[in-house]
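A short write-up of the structure that comes next.
The values are calculated or read from the model by the stated rules, or taken from the named source; none is laboratory data. Quick caveat: nothing in here was measured; it's all calculated off a predicted structure. When we count neighbours, we look across all protein chains shown, and the Cβ atoms used for this are built from the backbone with ideal geometry, even at glycine. Side chains are part of the model used for accessible areas, which takes the heavy atoms of the whole protein and leaves out ligands, DNA and RNA. Shrake-Rupley method; radii C 1.70, N 1.55, O 1.52, S 1.80 Å.
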Amino acid sequence: METILKEKIQLGISACMFGCKVRYNKKGWNMADLFGREQTYFTWHPVCPETMSGMGIPRSPIRVVGDSGADVLTKNAVIKNREGKDVTESLLAGCNSCMDTLKRAGVYAYVYMEGSPSCGVYRTTLKNKRLGKPPGVFGAMLLEEGFFLIPAADLQSPVRRWDWRRRLHAFAWLKEVEINTKNDLFEMWHIIKFLCQEIDEIKAREIGKKIAESPKGFDRDFTEVIRNEALLILRKPSSLEKIKNRLWKHYIFLKRNTNEEIENIMEPTDMRNMNHIADELIMMERKSLEAGILFGAAPILYKGR
Ligand code: SF4
């Protein structure tokens, strides 16, 4: 099975995180630049539900009046601006317009601005560290549509950024990979199982057991269930501790198979900063690719055409 992505991933992003000054106070930051050269791995689709609602820039900040943005979708909550004006219908129109844009472009992953009553997913208020009433209205739509969600703030950490990137690549690959025989299913699982085990050991072992115990012959429905279960695992972030420990195990495997050492790879207990760990991971990716050996922590790479 080919493990190199040749097509760029279509990636949605809150426009204010893509350098567009579209926030209510005319601010915006470019978080996509943090990807450096890897920025070219994606085609970016910035959208701003509040701007598309016709509220303009600058505008009065808005808030959820009710339990959450999800309740706005079921008409059990409303959105009001600072002056108390009900802007629910306008915001819903803006959210629908942005969702249409993302769907038209084939986008299924989104970098969101946490702390927004529109784009926020787990927090809708940043001020005074209050958590607000998550998710925001657009955040609720993204959750409902099953998007692969990336908090923009995580892009500031080189290791978290690497974690999002490798999981998104594996997610994009798994969504599309053709599985037409039992052997394809075994091979697919062999490719992503190490990554799934790192993220959620229990769920991954369950999947492995189900595949091993499945009856002879190919069953498409069963295969799609397995695919969806693995896609759910890949949506979840890993942790620094797990990444460091697994990196060392993968390195020992690679060293044994190539008889070569990679300078600068450190043991899990060695102290080093996030930049160093991210560099080690990228070195491991390159070395594995050159040697034609599967790097279980980042099994799918993008190389373009
Ligand atoms: S968080 Fe979303 S709605 Fe708010 S300014 Fe950014 S893109 Fe627009």
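When the range 1-47 is examined, which residues are found to be open to solvent by 70 Å² or more (accessible area, probe 1.4 Å) and within 15 Å of the chain's Cα centre (by Cα)?
Within the range 1-47, just LYS8 meets the criteria.
Any idea how many residues of the range 104-126 are over 24 Å from ARG160 (Cα atoms) and without any contact (Cβ under 8 Å) to a residue 40 or more places away in the chain?
Within the range 104-126, residues that are over 24 Å from ARG160 (Cα atoms) and without any contact (Cβ under 8 Å) to a residue 40 or more places away in the chain number 1.
Which number in (1) part of a helix (DSSP H, G or I); (2) without any contact (Cβ under 8 Å) to a residue 40 or more places away in the chain; (3) touching a Lys or Arg at 6+ places or on another chain (Cβ under 7 Å) marks the one condition that LEU254 misses?
Unmet for LEU254, out of (1) part of a helix (DSSP H, G or I); (2) without any contact (Cβ under 8 Å) to a residue 40 or more places away in the chain; (3) touching a Lys or Arg at 6+ places or on another chain (Cβ under 7 Å): (2).
Being within 16 Å of the ligand (Cβ to nearest atom), under 25 Å from the mean Cα position of the chain (by Cα), under 30 Å from HIS190 (Cβ atoms) and among the β-branched types (Val, Ile, Thr): is that true of VAL107 here?
Spelling it out, VAL107 is indeed within 16 Å of the ligand (Cβ to nearest atom), under 25 Å from the mean Cα position of the chain (by Cα), under 30 Å from HIS190 (Cβ atoms) and among the β-branched types (Val, Ile, Thr).
Results for (1) over 28 Å from ASP154 (Cα atoms); (2) at pLDDT 95 or above; (3) of a type outside the set (Gly, Ala, Ser), shown as yes or no for each residue.
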position: SER60; (1), (2), (3): no, yes, no
position: ASP67; (1), (2), (3): no, no, yes
position: THR74; (1), (2), (3): yes, yes, yes
position: VAL78; (1), (2), (3): yes, yes, yes
position: ASP86; (1), (2), (3): yes, yes, yes
position: SER90; (1), (2), (3): yes, yes, no
position: MET99; (1), (2), (3): no, yes, yes
position: ALA109; (1), (2), (3): no, yes, no
position: SER116; (1), (2), (3): no, no, no
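Just give me the residues in the range 222-242 being of a type in the set (S, T, N, Q) and in a loop (DSSP other than H, G, I, E, B), in sequence order.
The initial filter retains those residues of the range 222-242 that are of a type in the set (S, T, N, Q), namely 223, 228, 238-239.
SER238, SER239 - these are the residues of the range 222-242 that are of a type in the set (S, T, N, Q) and in a loop (DSSP other than H, G, I, E, B).
Could you list, in sequence order, all residues of the range 92-113 that are open to solvent by 30 Å² or more (accessible area, probe 1.4 Å), among the hydroxyl-bearing types (Ser, Thr, Tyr) and not in a helix (DSSP H, G or I)?
TYR108
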